[in-house]
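Take a look at the structure below.
The values are calculated or read from the model by the stated rules, or taken from the named source; none is laboratory data. Everything numeric here is computed off the predicted structure, so don't read it as measured data. Because the Cβ atoms are built from the backbone with ideal geometry, glycine has one as well, and the counts that use them run over all protein chains shown. Heads up: the accessible areas ignore ligands, DNA and RNA and are worked out on the full protein's heavy atoms, side chains in. Shrake-Rupley method; radii C 1.70, N 1.55, O 1.52, S 1.80 Å.
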Amino acid sequence: METIFGQLVSTFGWVILLFVGLGIFKACKPFLKGKFGEFAVSVHVKKYLTEEYILLNNCTLPDEQSGTTQIDHILLSPYGIFIIETKNYKGWIFGGERQKMWTQKIFKNSYKFQNPLHQNYKHQKVLEAVLSDIVAAEYLHSVIVFMPDCEFKTAMPANVFRGKAWTEYVKGFKEEVIPAMKLKRIQLRIEKEILEKSWKTDRLHVANLQEHKGKN
């Protein structure tokens, strides 16, 4: 009897652990999807761009309006600074430059999400303020990168891409507008402003987003 009871306890223990594990995975899935998209961009830089391009990842910066803003990537180069927002979405994507919300469609289900151009515009403005005394705003460029699992069903703006195509857009900027010494100053300034990369910083940013959303 004790053996049977022990086996039942052991079996139910594994079942409980399985459900707990599935719950944790489900809760972390959006975070993991985002991180995969960011990792893909890092791979693109190493594979398709030269060493004169410097990539800063997961940059959380102070923002007077909403407390913090989180930029997926900042790509520094002699040809300009590129603020990159990654989107790891599947299915069909519908959107326009001036639309407030874009649509993701998977089979018969549709989901709305914020226009990433508008989202990245805020990131760009925060970075412009950080670098206002070093570099002109005209040399900061917004880039949106979707993963290749999705398909665009509407014409997209010139700075919105699937997969590695964004690297060709970046390489299209050929005029050297930022000298090497100034580029180093820019990097040091950004690194000084970036908040510590930690769970605490991420939680603070999420809390700020929720608070700001509640006020609007």
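The single condition from (1) surrounded by 10 or more Cβ atoms within 10 Å (Cβ to Cβ); (2) assigned to a helix (DSSP H, G or I); (3) at pLDDT 60 or above; (4) among the β-branched types (Val, Ile, Thr) that Ile71 fails is (2). Of all the numbered requirements in (1) farther than 17 Å from Leu75 by Cβ; (2) modelled with pLDDT of 95 or more, Leu131 misses one, and that requirement is (1). Specify the residue that is modelled with the lowest pLDDT; the eligible residues are those in segment 177-216 that are closer than 26 Å to Leu76 by Cβ and outside any helix (DSSP H, G or I). Ranking the qualifying residues of segment 177-216, first place goes to Ser198. Please go through segment 112-151 and give me each residue that is open to solvent by 50 Å² or more (accessible area, probe 1.4 Å), assigned to a strand (DSSP E or B) and touching a Gly at 6+ places or on another chain (Cβ under 9 Å), ordered by number. Across segment 112-151, the qualifying residue is only Glu151.
Of everything in segment 50-68, what is outside any strand (DSSP E or B) and touching a strand residue (DSSP E or B) at 6+ places or on another chain (Cβ under 8 Å)? Give them in sequence order. Walk me through how you get there before you give the answer.
If we filter segment 50-68 for residues that are outside any strand (DSSP E or B), which is where we start, we get 50-53, 64-66.
Scanning segment 50-68 gives Glu52, Tyr53.
For segment 162-196, a residue qualifies if it is open to solvent by less than 30 Å² (accessible area, probe 1.4 Å) and small (Gly, Ala, Ser), and exactly one does: Gly163. Contact map, segment 159-186: residues that are farther than 17 Å from Thr50 by Cβ and of a type in the set (Phe, Trp, Tyr) paired with residues that are at pLDDT 95 or above and open to solvent by less than 30 Å² (accessible area, probe 1.4 Å), Cβ distance under 6 Å, separation 6+ or inter-chain. Pairs shown: Phe161/Val145.
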